[in-house]
Protein chains: 4
Amino acid sequence: MIIVLRPGTQDAEVEDICRRIEALGLQAHVSRGEQRTLIGAIGEDRFKTQLQALGALEFVESLVPILQPFKLAGREVHPADSIIEVDAVRIGGPRLTVMAGPCSVESEEQLRVVAEGVKGGGAHILRGGAFKPRTSPYAFQGLETEGLRLLAEARKRTGLPVVTEVLGPEKVEVVAEYADILQIGARNAQNFSLLKEVGQCAKPVLLKRGMATTIKEFLLSAEYVLAGGNPNVILCERGIRTFETTTRFTLDLNAIPVIKQLSHLPILVDPSHGTGHWEYVPAMAKAGLAAGADGLLIEVHPRPVEALSDGPQSLKPDRFARLMDELRVLAGALGRTI
Amino acid sequence: MIIVLRPGTQDAEVEDICRRIEALGLQAHVSRGEQRTLIGAIGEDRFKTQLQALGALEFVESLVPILQPFKLAGREVHPADSIIEVDAVRIGGPRLTVMAGPCSVESEEQLRVVAEGVKGGGAHILRGGAFKPRTSPYAFQGLETEGLRLLAEARKRTGLPVVTEVLGPEKVEVVAEYADILQIGARNAQNFSLLKEVGQCAKPVLLKRGMATTIKEFLLSAEYVLAGGNPNVILCERGIRTFETTTRFTLDLNAIPVIKQLSHLPILVDPSHGTGHWEYVPAMAKAGLAAGADGLLIEVHPRPVEALSDGPQSLKPDRFARLMDELRVLAGALGRTI
Amino acid sequence: MIIVLRPGTQDAEVEDICRRIEALGLQAHVSRGEQRTLIGAIGEDRFKTQLQALGALEFVESLVPILQPFKLAGREVHPADSIIEVDAVRIGGPRLTVMAGPCSVESEEQLRVVAEGVKGGGAHILRGGAFKPRTSPYAFQGLETEGLRLLAEARKRTGLPVVTEVLGPEKVEVVAEYADILQIGARNAQNFSLLKEVGQCAKPVLLKRGMATTIKEFLLSAEYVLAGGNPNVILCERGIRTFETTTRFTLDLNAIPVIKQLSHLPILVDPSHGTGHWEYVPAMAKAGLAAGADGLLIEVHPRPVEALSDGPQSLKPDRFARLMDELRVLAGALGRTI
Amino acid sequence: MIIVLRPGTQDAEVEDICRRIEALGLQAHVSRGEQRTLIGAIGEDRFKTQLQALGALEFVESLVPILQPFKLAGREVHPADSIIEVDAVRIGGPRLTVMAGPCSVESEEQLRVVAEGVKGGGAHILRGGAFKPRTSPYAFQGLETEGLRLLAEARKRTGLPVVTEVLGPEKVEVVAEYADILQIGARNAQNFSLLKEVGQCAKPVLLKRGMATTIKEFLLSAEYVLAGGNPNVILCERGIRTFETTTRFTLDLNAIPVIKQLSHLPILVDPSHGTGHWEYVPAMAKAGLAAGADGLLIEVHPRPVEALSDGPQSLKPDRFARLMDELRVLAGALGRTI
């Protein structure tokens, strides 16, 4: 951290800051330039979040962090790519992972048709929501525990591991009982109670970026899970909020190479939520892989016009299968397999 | 809801949509223009969120909602301003409400000094965080239950009702035991498990807008609480995420007159989080009231440079008292009292 | 500027950077910390924009500017508030300035009615567009030179100085012939050819913030005019682009105290463009003044429903006059006059 | 356009609106629902921008446009993809187009090295700035006419057509004399004087999206050029402004499939400006093509650390050549050539 002082700061004030830095177990280094005096706080200041309070001093102009605020999620302490294993699926290696399925689990029949469809198309993991976070209280809220049961059945039938969302810390136990991967949705990306709880869970976590979460904050949310003791975090870019309204969100694919540089964690792309329209899903699925993502999360529904949630962004099983064929060719050109 | 069809849509397809609309208990009205055919879904479609799925049809160009998606939070069914009573404090009437206190409860001594300071300055409600949502897992996470106890003591000493944040549904009971108002923070503005839980609680709820929550989504979050049976919701604008970086967030004061037009619920402004810097708090506190807010939420700390959270945006008690004097004059000019 | 090096940077590379810094006439100061080595470029680096290119080096992790990038627009070299005089109107002092009038000059009769209306209400300066920047090529593009002539006539009749927009460098001469203040619109906030041209003009410039312009970039645009030799720049906040759609733009009132701290230039607020709806204009006009702005820019039209541009955000003359009465009371409470 | 009326609107008011709609040469169609009365304005309302003013009426709740606001740029009147020919290069067909070169033309030697490098790598068009739009007035502003001359020489030597930016209407003639394609930069995306001027020019126009320009506004800017009589518009997505700061802008690749659906114009992607860092350029170049773009705009410099502008985002010629090899393989997998 560098503390930039306003012109005219007195020596006593400089000393006061140095004392405060040293009291936190860091070293202080004063550098007087022509225009500004700077004080460097030297050491592992990532855990010294109290340094922030120096910004309250009237003669402090600004605080400049030098180190990334996360540690366990960063490449500096863990240079090699992390690979998360879920049964036989290895997420983060040269083979790309595709998770597909309906937004909501709606019925035994619906899930069966989709599960067989996505398996036939070549998906590796079945997704489906049992507890649904809906913007409106009047919208379908999910089949809840019955939905979890149907997912477990579908896994048994297809052999595909299952990922489903958990909405609160009090539900982690029951969801973990049925699911192979626990999904934290975009609206809970900074639900710290929930992040702490899944940090103590034995199941891998699929952590979606919030719609207003910066990349650094996103990695700090991952850090909550890692610091809790759960090393198996899979990141997912699913679109951020911007001024553009022709798409539901703006898929931030820049985040893929940036996160690949900063972090060892695998990262997927969700073109369904990232665009909100099924017509745009194939293009953005390809773009996500070309940007370097480790896989995709795609919504598939047998009859999107009857879907209880997110119909407009769902592919039908046959369109999904055709997309998978296209992705296989693309993966080859990118030096990966699918 | 209006369904806009692409040019060339066949009659059979038009009829199919009409059938689907009628199956939901609504009327369908077809209007054929020169350039586009439109189908209106007539009736109370707010609760028919399944209409959204029509967007999945290839020949549907767009869906245009006509009614606001919320109902209980809207002025149409509740034209008069809601006034929320907390002991002798009436939030939402001609008298403005100021909630002030430290970001985090840090110690008995700190809370005592602040509580007396803000009471002396004229605040009506004491704020203070016991459970803290922190971006970094390495930051101070709050005194938790001990913090709640200290708040209850401070209430006894000063007579000020207390507002404090609740982070998850499993904590609603314990927080409601100590607090007079339950705060839902910005990062939980769409934590629907939590919204449902406080909807069944007897205590008023202070609901902060999320940093990427549109005004309509914000009112839908309020709708969750209202639909759960708790009519006592106080809204709070606290800044949204934009590209501007000289301030921590961008306080969206436009939201005040917009929400006053759409909703009967009282709305406060939080200039501390909305700017992130104590120097800007007085200007934006005044701007918030001038925009029509029903009150303010202001962070106050005896020694901001030692604060365990949000020091840079905290006022000292004497600066707070001076601000209150300025606000009293301003309130008069706005036809209100404080 | 501080240059942050990646771990493992070699001595030869450090020396290379130091040489490059010194070649620009600055001093280099190396500081080796536990985690990172930093190199400070010491001196007046604001004019050494070539330092940015150091970011191209593979072993440079990041560049951290320490000084603000503008100079003439900043308070450091010009601590006192600038006051811009236009005839008898002094913009930036204790007396607030209100500029009002139609979005577009449409006819002799329309302008006459508005000009008398806003003068009667107490406006100090008449605004009106002759050359109009319209999003659609099919929209009314303004009366052009005839509009300028009508504005000059209205000035003669009312005595109010006139502000009008100039769209390109080739029009500065003709607009300056008729207008007392040249307006640079939001879409031209980074039209550098135009900024250079008005920098060489003798008339004051009303510079609007672009809808995606940061505060620092905004002050750099002002710097273009100041560096060109024209010291008379009046800033105007008029709303930025965000994800919120209930208003046309998001008025960023945080920018007022921030700019007051960074710059000596006067700043106005435009609540008409900042909201896009006349119902919200009074609330946001008041909020703008309470935030510390030096005045307002307000659109007024005798029959908004017939306006050739921006009807929905225009006040009628009588509503404007009532607003001015309210603003007079507010100004008093803020220690200013109007 | 649909006009939504507030509850309680009187018959006389409905008739008044109908009269106003009919006075514009459109038909009015009234539809009375349970909750709202709607009035449809039927006909080619794209050119009736005065309809917007109806939003000024107190009893109008909202205006809902049904048709896209652009026409010539849209697929409805021009279903087939446009192909823009520049010498032997065909932009918009199955063969992808790569434009590459330095941000600024800096010297004869620099341009010669880059031009030969990008030609060797397989670029089709040479880019280079002679007039530079710089955020700071203290930054290098370009070699101006001398830069144009150097570009013309490089074209002669390499045979590559040349694209360069034009900053104002008064410069269109001189730039068109030297350049094969005129570039309109992001900051001038809504500089309507300039758009009108290039609309009357015989040379193709490369139109960059502004950093806060919606896709509809972007196509309206193209419409200005097309309506002026110049059919040769090439669009370019180069990143929008969002809250994310690890990259200079957020490349909005969603815009590619959206624009391909709405418009027949070719669209390129600029990963150099879209990320601001050379390390991310290869990933985002690939992502852009995978999303369906018709080509790329890439900055190349022989010694980025000495570049007078945008060094950090420039590739060296050998890295560019390697990227081109990778793109050739990718193009094959996408069913295109390069």
Open item on the list: Among DSSP bridges having both ends in the stretch B:115-246, what percentage is antiparallel? Round to the nearest 5.
Closed with: 0 percent
- [ ] Could you tell me what % of all Cα pairs in the stretch C:48-166 have separations over 18 Å?
- [x] 65 percent
- [ ] If a/c stays under 1.5 just call it rounded; otherwise compare a/b with b/c (prolate if a/b is bigger, oblate if not). Do that for the stretch A:237-338, with a ≥ b ≥ c from the square roots of the Cα gyration tensor eigenvalues.
- [x] oblate
Task: Radius ratio Rg over Rh of the stretch C:75-131, counting only Cα atoms, Kirkwood formula for Rh - done: 1.13
- [ ] Using only atoms on other chains, find how many Cβ atoms lie within 10 Å of each Cβ of peptide C:212-218 and report the average.
- [x] 6
TODO: With θ set to phi - 60°, apply the Karplus curve 6.51 cos²θ - 1.76 cosθ + 1.60 along the stretch D:322-338 and write out the HN-Hα couplings as whole Hz, x wherever there is a Gly or Pro.
DONE: 5, 4, 4, 4, 5, 5, 4, 5, 4, 4, x, 5, 9, x, 10, 10, 9
- [ ] Please calculate the 1.4 Å probe accessible area of C:Tyr178, with all protein chains present, and give it to the nearest 10 Å².
- [x] 60 Å²
- [ ] Per residue of A:42-51, count partner chain C-beta atoms within 10 Å of its C-beta, then hand back the mean as an integer.
- [x] 4
- [ ] Rounded to whole Hz and in sequence order, give me ³J(HN,Hα) for the stretch B:258-270 from the Karplus expression 6.51 cos²θ - 1.76 cosθ + 1.60, θ = phi - 60°, writing x for Gly and Pro.
- [x] 5, 5, 4, 6, 7, 10, 8, 7, x, 9, 9, 10, 10
Task: Over chain C: Kirkwood hydrodynamic radius from C-alpha pairwise inverse distances, Å - done: 21.4 Å
TODO: Counting only heavy atoms of the protein chains, get the accessible area per residue of the protein assembly as shown (1.4 Å probe) and round it to a whole Å² value.
DONE: 32 Å²
TODO: For the protein assembly as shown, just run the numbers: alpha carbon Rg, then divide by 2.2 N^0.38 Å, N being how many residues it has.
DONE: 0.88
Task: 10 Å Cβ neighbours from other chains, averaged over peptide C:275-288 - done: 6
- [ ] In nm to one decimal, list the spacings between the A:Glu15 label point and its equivalents in the other copies, with label points set 7 Å along Cα to Cβ, shortest first.
- [x] 3.9, 8.7, 9.3
Open item on the list: Quick query: amide H of B:Gly129 versus all other amide H atoms, modeled in the peptide plane; which residues come in under 5 Å with a sequence gap of 5 or more or a different chain?
Closed with: B:Ser104, B:Val105
Task: Distance (nanometres) between label positions extended 7 Å along Cα→Cβ at C:Glu15 and D:Glu44 - done: 7.4 nm
- [ ] Point me to the residue of chain B whose C-beta lies closest to the B-onto-A rotation axis, rounding the distance to whole angstrom.
- [x] B:Ala212, 2
Task: Helix C:108-121 axis, angle to chain C major axis (alpha carbon atoms, nearest 10°) - done: 80 degrees
Task: Summed side-chain charge close to B:Thr337 - residues other than B:Thr337 whose Cβ falls under 10 Å, Lys, Arg +1, Asp, Glu -1 - done: +3
Task: Cα-based Rg of the stretch B:168-322 normalised by 2.2 N^0.38 Å, two decimals - done: 1.04
- [ ] Would you tally the net charge around B:Glu85, using a Cβ to Cβ cut-off of less than 15 Å, leaving B:Glu85 out, and scoring K and R as +1, D and E as -1?
- [x] -1
- [ ] For the A and D pair, go ahead and give the buried accessible area with a 1.4 Å probe, both sides summed, in Å² to 100.
- [x] 2800 Å²
TODO: Name all residues of the stretch B:278-313 having a backbone nitrogen under 19 Å from the label point set 7 Å from the Cα of B:Arg322 along its Cα→Cβ direction, giving them as ranges.
DONE: B:278-287, B:298-305, B:312-313
TODO: Compute the FRET efficiency between A:Gln35 and B:Lys156 as 1/(1 + (r/R0)^6), taking r as their Cβ-Cβ distance and R0 = 56 Å, and round to the nearest 0.05.
DONE: 0.60
TODO: Using the Karplus curve 6.51 cos²θ - 1.76 cosθ + 1.60 with θ = phi - 60°, work out ³J(HN,Hα) for each residue of the stretch C:217-222 in order, rounded to whole Hz, and write x for Gly and Pro.
DONE: 5, 4, 5, 5, 5, 4
Open item on the list: Please report, for B:Leu63, the nm distances (one decimal) from its label point, 7 Å out from Cα along the beta-carbon direction, to the equivalent points in the remaining copies, shortest first.
Closed with: 2.6, 4.5, 4.8
Open item on the list: If I compute solvent accessible area with a 1.4 Å probe over the protein chains, what percent of it on the stretch C:1-143 is carbon and sulfur?
Closed with: 49 percent
TODO: On the full set of protein chains, 1.4 Å probe, figure out the accessible area of A:Arg328 and give it in Å² to the nearest 10.
DONE: 100 Å²
- [ ] Express the C-alpha Rg of the stretch D:98-250 as a ratio against the empirical globular expectation 2.2 N^0.38 Å, rounded to two decimals.
- [x] 1.03
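The values are calculated or read from the model by the stated rules, or taken from the named source; none is laboratory data. Source: prediction; values computed, not measured. Ideal geometry is used to build each Cβ from the backbone, glycine not excepted, and the neighbour counts take in all protein chains shown. Note: accessible area is taken over every heavy atom of the protein model, side chains too, but ligands, DNA and RNA are not part of it. Shrake-Rupley method; radii C 1.70, N 1.55, O 1.52, S 1.80 Å.
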